[in-house]
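Before any comments, here is the structure.
Nothing in this text is a laboratory measurement; each read-out follows from the coordinates by a stated rule. Predicted, not measured: the structure shown is a model, and the values here were computed from it. Methodologically, a virtual Cβ is constructed for each residue, glycine included, from the backbone with ideal geometry; neighbour enumeration extends over all protein chains shown.
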């Protein structure tokens, strides 16, 4: 199986990086390391996470209040969003609606 991080998810990761980088030196790097480790775990566990909004699997991050949203198409794990769970749930729902 292969993992593909879509541009929308890369943008989410960048936003999270800058948020945490502003909180403490090197915290942004730790955030990215942690989230990429979570995403890498999808090589073993893709498809085992519950469906969210009937379209995407949702995996909760181990170290940060973020969720990784993905779908599986033709043997490829497509990571479509990495959303901050502290945000308004309606804002996150809208973000997922905007993802193809």
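Taking region 74-85 as the range and being in contact with a strand residue (DSSP E or B) (Cβ under 9 Å, 6 or more places away or on another chain) and exposed (fewer than 12 other Cβ atoms within 10 Å of the Cβ) as the test, only 75 passes.
Would you mind listing the helices (runs of 4 or more DSSP H) fully within the chain where at least 1 residues are touching a helix residue (DSSP H, G or I) at 6+ places or on another chain (Cβ under 6 Å)? Here the list reads 7-21, 27-40. For residue 52, state whether it is in contact (Cβ under 8 Å) with a residue 12 or more places away in the chain and either closer than 15 Å to residue 14 by Cβ or over 11 Å from the mean Cα position of the chain (by Cα) (or both). Yes; evaluated as a whole, the condition is true for this residue.
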